[in-house]
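Below is one structure, written out as structure tokens, with a few remarks after it.
The values are calculated or read from the model by the stated rules, or taken from the named source; none is laboratory data. Everything numeric here is computed off the predicted structure, so don't read it as measured data. Don't worry about glycine lacking a Cβ; one is built from the backbone with ideal geometry, like all the others, and counts go over all protein chains shown.
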């Protein structure tokens, strides 16, 4: 991904109110992976850990930006999202990562995962993102 595209996606990420509320940050690596970091925020807890909807949002966001990083368009949306919650997220920072498995003309199949700082996997997902 070129620097102009990366800058465009970082600007888009910065306009999302939910990302500001959550306090997440976005970065890209040289292998085409997207990284989203969420510092622990007790306001996102439920009685037994961080709410699953927060984890799902991290997966969806990582998938979207992974697809957008390889797409020529910025007008993408989630058309399918499958999540497997493997472990609870208990009062910890979270890291989401996403990468494209297959890029088509209009559809991008992406794999994502959310992990805790010690590397334990909280959830994994796959998603299909479509160009509008």
### Message
If residue 37 meets every condition in (1) modelled with pLDDT of 95 or more; (2) in a helix (DSSP H, G or I) apart from one, which number is that one?
### Response
(2)
### Message
Which condition from (1) surrounded by 15 or more Cβ atoms within 10 Å (Cβ to Cβ); (2) free of Cβ contacts under 8 Å to residues at least 60 places away in the same chain; (3) assigned to a helix (DSSP H, G or I); (4) more than 10 Å from the chain's Cα centre (by Cα) is the one that residue 92 breaks?
### Response
(3)
### Task
Being in contact (Cβ under 8 Å) with a residue 24 or more places away in the chain, under 19 Å from residue 28 (Cβ atoms) and part of a loop (DSSP other than H, G, I, E, B) is the filter here, so list the residues in the range 62-78 that pass it.
71, 73, 74
### Task
May I ask you to list the residues in the range 49-73 that are over 12 Å from the mean Cα position of the chain (by Cα), surrounded by fewer than 18 Cβ atoms within 10 Å (Cβ to Cβ) and closer than 16 Å to residue 90 by Cα?
49, 51, 52, 53
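Which is part of a strand (DSSP E or B), out of contact with any helix residue (DSSP H, G or I) (no Cβ under 9 Å at 6 or more places or on another chain), within 26 Å of residue 132 (Cβ to Cβ) and in contact (Cβ under 8 Å) with a residue 24 or more places away in the chain, of 101, 26, 81, 59? Before you say what the answer is, go through the steps one by one.
On the way: 26 fails: out of contact with any helix residue (DSSP H, G or I) (no Cβ under 9 Å at 6 or more places or on another chain); 81 fails: out of contact with any helix residue (DSSP H, G or I) (no Cβ under 9 Å at 6 or more places or on another chain); 59 fails: part of a strand (DSSP E or B).
Of the residues listed, the single one that is part of a strand (DSSP E or B), out of contact with any helix residue (DSSP H, G or I) (no Cβ under 9 Å at 6 or more places or on another chain), within 26 Å of residue 132 (Cβ to Cβ) and in contact (Cβ under 8 Å) with a residue 24 or more places away in the chain is 101.
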